[in-house]
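Data block below; observations after.
The values are calculated or read from the model by the stated rules, or taken from the named source; none is laboratory data. No experiment lies behind these values; they were computed from the predicted model shown. All Cβ positions, glycine included, derive from the backbone under ideal geometry; neighbour counts span all protein chains shown. The accessibility values were calculated without ligands, DNA or RNA, using every heavy atom of the protein model including side chains. Shrake-Rupley method; radii C 1.70, N 1.55, O 1.52, S 1.80 Å.
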Amino acid sequence: MRPRMRVGVALLGLLVSCKPPQNAPPPRSTLVVGLDVSGSFRQTPHFNDALDFAALYIYAHLHGLHGLRQATDIFVGSLGGERPGQPKTFHPIQDLTEKSPGQIAASLRAWFPETDPITDFNGFFERLSVHIRRQNLVLAPLNVVMFTDGQPDFPGAGHLSTAARFAKVDMSPLEYLSRSVSVRVLYVRPQVAQNWERMVKRQRVRIWTQDSDIMKGWRRHELLGVPLEQQDSLLSWMDKIVDFRVRRGKII
């Protein structure tokens with residue numbers, strides 16, 4: 001056998017030996033969903049639409065449908081509270097398994113019936129960081145998806161300029177939770193999306209925003225009465241519009 005052929009055979013054998021077995025569990029990946037239940041978002045027509053989509057999104061990533069990254073750990077919590085830093089519950093993946101998308105949507109509404117007076121992004125990031133560390137998930141890729149109007153709301157915020165309010169969003173608790181941290185801010189207005197992209201300070205965290213007019217387009221791809229597993233158009237939309245792989249750095 002010629003030397004080049006030997007090298008090719010050796011490489012082929014190495015690739016085969018490195019291929020994971022078919023029954024191997026998926027690589028570890030953490031999905032954290034934050035729901036804005038403040039009055040400023042709950043009172044908009046986007047709130048119920050966001051909850052319905054969040055249920056589909058969670059279900060799709062719980063089962064890794066259509067090539068979407070399967071989340072091995074999922075946590076769902078609310079953004080904000082009655083005061084800054086107020087501790088809130090994170091519902092774990094065990095509260096979601098064996099549920100249909102409709103049942104997940106019903107659970108989201110049952111878990112967060114209250115209307116919070118403030119949207120405390122910093123408190124959410126801080127609690128999320130503590131939770132991830134306690135669960136020993138610091139090495140798994142982290143995908144944080146927030147359904148919100150995106151407006152930082154805290155005592156005294158009304159007296160600050162737009163730039164000053166968004167500069168106070170503190171992402172430092174997320175910076176070193178994983179080698180890959182993505183924060184997706186969904187259902188915001190275009191100007192608010194731009195403020196998150198340009199004014200929120202971060203180093204390693206990737207930010208992806210999608211405005212409400214684009215987000216409500218998911219319903220055009222939904223086939224009523226058809227299992228989500230068979231809805232290729234909706235899952236493809238989810239992959240391209242929401243799970244877009246964004247690079248580090250600010251968008252100019």
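The figures follow:
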item	result
Failed criterion for G225 (all others in (1) in a helix (DSSP H, G or I); (2) open to solvent by 60 Å² or more (accessible area, probe 1.4 Å); (3) out of contact with any helix residue (DSSP H, G or I) (no Cβ under 8 Å at 6 or more places or on another chain); (4) under 30 Å from G102 (Cα atoms) hold)	(1)
Of all residues making up the range 161-214, the number that are β-branched (V, I, T), under 13 Å from T148 (Cβ atoms) and either out of contact with any helix residue (DSSP H, G or I) (no Cβ under 8 Å at 6 or more places or on another chain) or open to solvent by 70 Å² or more (accessible area, probe 1.4 Å) (or both)	1
Test: V183 is closer than 19 Å to V37 by Cα and either in contact (Cβ under 8 Å) with a residue 60 or more places away in the chain or part of a strand (DSSP E or B) (or both)	yes
Filter result for A140 (farther than 24 Å from T115 by Cβ and touching a Pro at 6+ places or on another chain (Cβ under 9 Å))	yes
Filter result for G158 (loosely packed, with under 15 Cβ neighbours inside 10 Å and under 27 Å from Q70 (Cβ atoms))	no
Any chance R179 is basic (K, R) and either at pLDDT below 95 or more than 30 Å from Q103 (Cα to Cα) (or both)	yes
Qualifying residue in the range 229-249 (condition: open to solvent by less than 50 Å² (accessible area, probe 1.4 Å), of a type in the set (S, T, Y) and over 24 Å from F75 (Cβ atoms))	yes
Residues of the range 153-177 that turn out to be within 27 Å of K240 (Cα to Cα) and touching a Ser or Thr at 6+ places or on another chain (Cβ under 8 Å), as a count	2
Boolean, Q70 is modelled with pLDDT of 95 or more and under 14 Å from the mean Cα position of the chain (by Cα)	yes
Members of the range 17-60 found to be out of contact with any helix residue (DSSP H, G or I) (no Cβ under 9 Å at 6 or more places or on another chain) and at pLDDT 95 or above, listed by number	none
Close pairs from the range 146-170: first under 23 Å from H46 (Cα atoms) and among the hydrophobic types (A, V, I, L, M, F, W, C), partner open to solvent by 40 Å² or more (accessible area, probe 1.4 Å) and in a loop (DSSP other than H, G, I, E, B), Cβ under 6 Å, at least 6 apart	F154/P84
